[in-house]
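Written below as structure tokens is the structure these notes are about.
Every number in this text was worked out from the coordinates using simple rules, so none of it is lab data. No experiment lies behind these values; they were computed from the predicted model shown. No Cβ is skipped: glycine too gets one built from the backbone with ideal geometry, and neighbour counts run over all protein chains shown.
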Amino acid sequence: MFTTVTGSLLLEATYVGGRHDDASFPCESIEMELNFVHPTLVVRGIASQHVVALRWTPDRVSFGLPELAQLWTFKLRAPPAAICPRAVRFELASALPFSHTTGDV
């Protein structure tokens, strides 16, 4: 498991026809279990009631890794699930992120 400290998390959804929704949430840390069978993220310090109450279903999650100077984006397999009032679990479609240097964003 890999844990990073980050200030925010971005959730995005793209629809046929080019429509796009996104929302950014402050958070404290992200725990990554990037195995190839069941990759997941657990985000701590995030208001889970706001994430699960979105009126749209996110298909991507992005966050910065300051220690690598990269932005990682993952496709989601399922909607986010609240673990407790200050933690959310994301099931990932793949353990491999799309990464960008922070200068590319």
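Looking at A47, A53 in this structure, which one is of a type in the set (G, A, S), surrounded by 15 or more Cβ atoms within 10 Å (Cβ to Cβ) and over 12 Å from the mean Cα position of the chain (by Cα)? It would help to see each step written out before you state the result.
Working: A53 fails: surrounded by 15 or more Cβ atoms within 10 Å (Cβ to Cβ).
Result: A47 is the single residue among A47, A53 that is of a type in the set (G, A, S), surrounded by 15 or more Cβ atoms within 10 Å (Cβ to Cβ) and over 12 Å from the mean Cα position of the chain (by Cα).
Here F74 passes the criteria (1) under 15 Å from G7 (Cα atoms); (2) touching a Pro at 6+ places or on another chain (Cβ under 7 Å) except the one numbered (1).
One line per residue, one yes/no per condition, for (1) assigned to a loop (DSSP other than H, G, I, E, B); (2) closer than 12 Å to A87 by Cα; (3) of a type in the set (D, E, K, R); (4) without any contact (Cβ under 8 Å) to a residue 12 or more places away in the chain:
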position	(1), (2), (3), (4)
L11	no, no, no, no
G18	yes, no, no, yes
D22	no, no, yes, no
E31	no, yes, yes, no
F36	yes, no, no, no
L41	no, yes, no, no
Q49	no, yes, no, no
R55	yes, no, yes, yes
P58	yes, no, no, no
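Taking the conditions (1) of a type in the set (A, V, I, L, M); (2) out of contact with any strand residue (DSSP E or B) (no Cβ under 8 Å at 6 or more places or on another chain); (3) farther than 23 Å from V16 by Cα in turn, A53 satisfies each one other than (3).
For D21, indicate whether it is over 16 Å from F98 (Cβ atoms) and among the charged types (D, E, K, R). When the stated conditions are applied, D21 passes them. Against the test of being in contact (Cβ under 8 Å) with a residue 12 or more places away in the chain and out of contact with any Ser or Thr (no Cβ under 8 Å at 6 or more places or on another chain), the options L92, L71, L76, L65 yield a single qualifying residue, L76.
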